[in-house]
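The values are calculated or read from the model by the stated rules, or taken from the named source; none is laboratory data. Predicted, not measured: the structure shown is a model, and the values here were computed from it. So basically every Cβ, Gly included, is an ideal-geometry build from the backbone, and we count neighbours across all protein chains shown. Protein only, heavy atoms only, side chains kept; ligands, DNA and RNA dropped before computing areas. Shrake-Rupley method; radii C 1.70, N 1.55, O 1.52, S 1.80 Å.
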Amino acid sequence: MKIAKKIAVALLVVLVVMQFIRPDKNQTDNPDYVAVFEAETSPSEEVKKILKQSCYDCHSDHTEYPWYNNIAPVSYWLADHIDHGKGHLDFSDWQNYDAEKKDHKLEEIVEEVKEGEMPLKEYTWTHSEARLTKEQREMITTWAQAARARYQSAD
Ligand code: HEC
């Protein structure tokens, strides 16, 4: 066999084997996976909807996966994004953050959303419904800014 053909066959085998190794899904059975966060920061129904549609896939215990998550290595790539996102900010872990950290995360939300850094571009390419309009960005920043007050007076 020519060397190029050998390499092609080897790659194909690797790709096929990869399909059997699936990363664990980030999906909880608990329907109240952001209950503490919502109870404390009182987002309006509209803000709740935006957060769910644009943020929770990477920043909570529950991801709505697209069909292509069934294909490796895309599944590895998405799992890595979610791990990374949750490592920075996890709305399902809000109860374990102290007041200072909560205040700081809300401050970061204002900054990231204002600058259009979040949701990630890689995400909005395929999730056009998650793209934020100017009005939605303002709703998020106004809510997050107001929610900070609670944690600032805590100390
Ligand atoms: C596709 C996954 C994804 C989506 C969707 C997403 N994020 Fe992120 N987010 C990340 C990743 C990954 C990081 C960490 C690396 C970085 O900053 O790029 C991050 C970082 C952040 C940070 C910085 C936290 C810190 O303390 O460093 C904030 C705040 C944030 N995201 C808020 C949001 C908000 C608000 C939304 C929705 C409007 C959102 N993200 C949507 C993946 C995502």
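At a glance:
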{"item": "Approximate spin-label separation Asp83-Asp32, in nm, with each point projected 7 Å along Cα-to-Cβ", "result": "3.1"}
{"item": "Accessible-area order (highest first, 1.4 angstrom probe) of the listed residues Asp61, Asp83", "result": "Asp83, Asp61"}
{"item": "Solvent-accessible area, 1.4 Å probe, carbon plus sulfur percent, for the stretch 3-152", "result": "57"}
{"item": "Set of the stretch 93-107 residues, backbone N closer than 19 Å to the point 7 Å along the Cα-Cβ line of Ser153", "result": "99-104, 106-107"}
{"item": "Label zone at Val14, where the point sits 7 Å out along the Cα-to-Cβ direction: the stretch 53-85 residues whose backbone N lies under 17 Å", "result": "72-77"}
{"item": "Helix 45-54 vs. the chain, principal-axis angle (Cα, 0 to 90°, nearest 10)", "result": "20"}
{"item": "Glu46/Arg22 FRET efficiency (R0 35 Å; Cβ-Cβ; nearest 0.05)", "result": "0.50"}
{"item": "Prolate/oblate/rounded call for the chain, Cα gyration tensor, a/c under 1.5 rounded", "result": "prolate"}
